[in-house]
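Structure, as structure tokens:
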Amino acid sequence: MSLRAKQKEARTLTGLPGESTIQRATPFLKWAGGKSQLITTYDGFFPKRFNRYFEPFTGGGAIFFHLKNQRGEFKASLSDLNDELINCYRVIKNDVEELISHLKTHPNDEDYFYELRAVDAKTLSEIERAARLIYLNKTCFNGLYRVNSKGQFNVPFGFYKNPRTCNETNLRACSAALADVELNCRPFDHVLKFAKKGDLVYFDPPYHPLSSTANFTSYTRNCFSADDQEHLADVFAKLDKRGCHVMLSNSDCAFIRDLYKDFSIETVNAIRAINCKSEGRGKITEVLVLNR
């Protein structure tokens, strides 16, 4: 059966009744390093008041959606270097109903998965690209996003019996939360052009590896190096001097602690979910760096 025929068949089989009410928005993608599990820990560290919110490594957006649910209206700017990710956010913001319709055309089928994975995203429309990303994320192994040096998604099929590739309720809630949000594909240091005194900036970069085999930074084709970590620490310090509220998450290691030794460093407990071996997953400490 052709890829198009499988899409047509899936449209008639997909459909989740009772999904019309708006709910609290939660991340629509599973993202390596996502902060959903740490939100209750972070809650006590968010400033009581801030002007605008900036998140230069948006990823799954768990912190943004939590603050939006909790605080209501505030101006926000979300950015990331991953253009496929930012396109997905834009489509959810502007064309969520068309996205939902398109997602229903994707069946949970191994052959179809690999056919769609092999498609060059640049040949697709923005809505098709967004649906492809969500579908691959929900049906691939361990639900993670990883690309090779050519920027091609390379995670294998996950063999899940009933993956929720189209959560209509949450997609609509995310669309509502993103209604007035500025979305950009740009480097993290561009926040220096826009953030002002009283704004909140949250950094969640690719974590510095704890060992030579623990490096997982393949969200884009570009690696996040030790030099990048040092540049980020410099940006953090500049925002602090400007009077911004600044928060940063990273791995708990001597290198990161030394970079932020002049700021408050909190130790938080997390669960490592991304590892090729099951014994490599489990509890680990991370750091949360705060400037005030």
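The values are calculated or read from the model by the stated rules, or taken from the named source; none is laboratory data. Just so we're clear, the structure is a prediction, and the values are computed from it rather than from any experiment. Reconstructed Cβ throughout: ideal geometry from the backbone, glycine too, with neighbour counts over all protein chains shown.
Couple of notes before you dig in:
- Candidate set: the stretch 67-81, residues that are crowded, with 21+ Cβ neighbours inside 10 Å and under 13 Å from the mean Cα position of the chain (by Cα); chosen: the one nearest to Asn170 (Cα to Cα): Leu78
- Candidate set from the stretch 120-152 (those that are without any contact (Cβ under 8 Å) to a residue 40 or more places away in the chain and part of a loop (DSSP other than H, G, I, E, B)); member that is nearest to Leu81 (Cα to Cα): Gln152
- Flag if Leu248 is touching a residue at least 60 places away in the same chain (Cβ under 8 Å) and not polar (S, T, N, Q): no
- Restricting the stretch 175-217 to residues that are among the acidic types (Asp, Glu) and more than 13 Å from Phe57 (Cβ to Cβ), the residue that is modelled with the lowest pLDDT: Asp180
- Of all residues in the stretch 3-47 being exposed (fewer than 12 other Cβ atoms within 10 Å of the Cβ) and polar (S, T, N, Q), the one that is modelled with the highest pLDDT: Thr40
- Counted residues, the stretch 133-182 - those being within 21 Å of Ser101 (Cα to Cα), touching a helix residue (DSSP H, G or I) at 6+ places or on another chain (Cβ under 8 Å), surrounded by 17 or more Cβ atoms within 10 Å (Cβ to Cβ) and of a type in the set (Gly, Ala, Ser): 2
- For the stretch 44-66, residues that are under 20 Å from the mean Cα position of the chain (by Cα) and not aliphatic (A, V, I, L, M) total 14.
- Selection of the stretch 160-185 for residues being of a type outside the set (Lys, Arg) and in a helix (DSSP H, G or I) yields Glu168, Thr169, Asn170, Leu171, Ala173, Cys174, Ser175, Ala176, Ala177.
- Of the numbered criteria (1) under 17 Å from Thr139 (Cα atoms); (2) free of Cβ contacts under 8 Å to residues at least 24 places away in the same chain, the one Thr40 fails is (1).
- Some residue of the stretch 162-178 being closer than 30 Å to Cys223 by Cβ, touching a Phe, Trp or Tyr at 6+ places or on another chain (Cβ under 6 Å) and among the aliphatic types (A, V, I, L, M): no
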